[in-house]
1. Conditions first: (1) in contact with a Lys or Arg (Cβ under 6 Å, 6 or more places away or on another chain); (2) among the acidic types (Asp, Glu); (3) more than 24 Å from ASN143 (Cα to Cα). ASP220 passes all but one, so which condition is the exception?
2. What's the number of the only condition in (1) over 22 Å from the mean Cα position of the chain (by Cα); (2) touching a residue at least 40 places away in the same chain (Cβ under 8 Å) that PHE237 fails to meet?
3. For the stretch 1-59, give me the residue count where each residue is of a type outside the set (A, V, I, L, M, F, W, C) and in a loop (DSSP other than H, G, I, E, B).
4. Of all the residues that make up the stretch 177-211, how many are closer than 21 Å to SER122 by Cα and of a type in the set (Asp, Glu)?
5. Just need a number here: residues in the stretch 228-277 that are hydroxyl-bearing (Ser, Thr, Tyr) and surrounded by 19 or more Cβ atoms within 10 Å (Cβ to Cβ).
6. Could you identify the single residue in LEU214, LEU263, LEU194 that is modelled with pLDDT of 90 or more and either of a type outside the set (D, E, K, R) or within 18 Å of GLN135 (Cα to Cα) (or both)?
7. Residues to consider are VAL556, VAL512; find the one that is assigned to a helix (DSSP H, G or I), surrounded by 23 or more Cβ atoms within 10 Å (Cβ to Cβ) and touching a helix residue (DSSP H, G or I) at 6+ places or on another chain (Cβ under 9 Å).
Amino acid sequence: MISSLSSSSDLNKAITSHNPFDRSLVVRSHDIWNQSFPDVPSINAHASNAIFQAIEQIRAGKRSVIGITIKAEKGLGKSHLMSRIRCRLQYEGDSFFVYMSEVDYGDLNKIHSKFLNTLTSSLKQTGNQGVMQWQEMATTLVNEVYKSSYTPQDLIKRFPGVLAQHPKIVDALTAKVLKLKPNIENPYLIQAILWTLSSDKVSFAINWLAGRDLAQSQADAMGLPNTSQDDKEAEAFQTICQILDLIGDYRTVVTCFDELESLNCNEQGFTRAQIVALFAKDIYSKIKRGVLILAMFDETWTQQVKVVPQADSVIDRIGERKIDLKHLNSNDVVTLVSHWLKEFYDTKNLTPPYPIYPFDEGELRELGKEKPIVRRVLQWCADNWNLPGDPPQPQDPLHKVEIAFNKELAALDNTIENYFEDSNIIANAIRLCLLTLKGKTVERVKLDEVEEVIVKSVDKGYLNFRIIGQEEGRVVKIVVAVVQESTTKFVSAALKRLIDYKMFDMTRGCLVRAKDVKPNTKGGEHLNKLLSKELGGEFVKLNIEDIKPLLAILFVKQSCKDYEVTEKEIYQFIDHKKIAIDNYLIREILSDPSGQIPSGLIDEEYIAETRSIPNHQNLTKEVDTMLDNLLIKLGL
């Protein structure tokens, strides 16, 4: 049945009320997982087909590992391609997808730790069965042990009750799994993966898998030892290899490294692209089954990757198959625009006179002759979105910044857990906004400078930055330490330095933290001293809602080239929207210290009470049978 065309008045009303292209056109990490852009399968189909063929070769057992390098200039659709791959793999359900991008690389001297964090956060994403990929993995292990076919939902639903009746159930399950997996060197990996089936413990389990230490009571309750601080990088690499090795028994792991262009280097002078290429080479040699994909500019490949040490070995692995993305042609441009407009008109239940209305096909085809990138086409549509014959509307110069900021802020609704434990990222967000206040007076403090705290190697990693200003004619130097770590040892070490005003040149120490500091510890003693009248320090409570806008604008700044905004425009936007000056965290850091410990801090020593097992009379017969069989097989 052919739907009738919508009236001109309805179409015009829709066009004037909303511009579907007036949004951030930059593909970010969260877009990969959520596919927030319409996909046009015909664009770069040669590339996605080649990748899917490689994955099929792995599945069929013809190959164990394949390395692919995608080369393309900025804007040709590398990240769109990644999103297409993720979407199809999620639909098919027999592969796990791992994605590393700009926001994940961080300290290039810690690529192993950073990738472990990426691996664990990627596996937190929803898989084919409507639960985390971690929970799919845990269910697979249980089903293999008992030759059963329970769904993740079955096990997750039953877990609280089973745990209440049999507190050692995870230990017993772990022992059973390990009999089938003698190659696993670290049995606690299995234990942590199984804990992801517990709604109360899943966050703790994933934090532990990511290499983060847990509060001692949580670690003890879950039977997971905290790691040593001696060589986190080496330990992270071993954990990565074992996790990938375990997954490889059941799934093909497709790992994508995106956004490799950066001027930053590690201590050895290697660029991000070089570090990732060398790391991918090592992973290639270690994993049991998988596809490694690196996406980069052509000049990055020729000028950076091809000149690394052991270049031939690197190229043979990650560059085993090289794919060049193509510029758009006239047909691609028309198809791209029609896909975007179909989504727009469908959501409004409208039928336009032709698919690309209100644009002129001739104009789009002329644009296609210039071989444009996707973003340029979509930006042209955004700029020319108006009724036929009407002139384009002028835009606020800060409009692009606002769109980018809103995009990042909305994404944080789903991703804040990935950053809330990262003290350095939080500190960088706070510092950026403080820098925009230089020369201004906030809470009676006129800000002159925000600078790094120069310390000896033994003191690195504890104090984040120093604020220098003037308050009623006297110089104030506030050293800020963001401490989201859980272990009492680290917290005590950070606070020990925060109260040494002479050593670290400060007039006030400021702790920023969401969690409590245990009173009967060295950290508790140091905190009392910090808050005493003698030192006049401050304890500022870190809240998710306060840090989210600061993180959002930090991420915009980190990707300002992609968003096509300048640092000056970002600073103007922060000032115009009062993102910094009205922020609770910023004002609390600068305000007169209260000398009090904030209320409502997170108590990590709290162990959630084990829920009592539901009355069997209220359970379905199927679930009863599952529980009984499970307990019998465990000998409990």
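The values are calculated or read from the model by the stated rules, or taken from the named source; none is laboratory data. The model shown is predicted, which means the values in this text are computed figures rather than measured ones. All Cβ positions, even for glycine, are placed from backbone atoms using ideal geometry, and neighbour counts span all protein chains on display.
1. Condition (1) is where ASP220 drops out.
2. (1)
3. 18
4. The number of residues fulfilling the criteria is 1.
5. Residues that pass the stated criteria total 4.
6. When all the criteria are applied, what remains is LEU194.
7. Just a single option satisfies the conditions, and that option is VAL556.
This table checks each residue for (1) assigned to a helix (DSSP H, G or I); (2) modelled with pLDDT of 95 or more; (3) of a type in the set (A, V, I, L, M, F, W, C).
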| site | (1), (2), (3) |
| --- | --- |
| GLY130 | no, no, no |
| ALA138 | yes, yes, yes |
| ARG158 | yes, no, no |
| VAL170 | yes, no, yes |
| LEU178 | yes, no, yes |
| GLU185 | no, no, no |
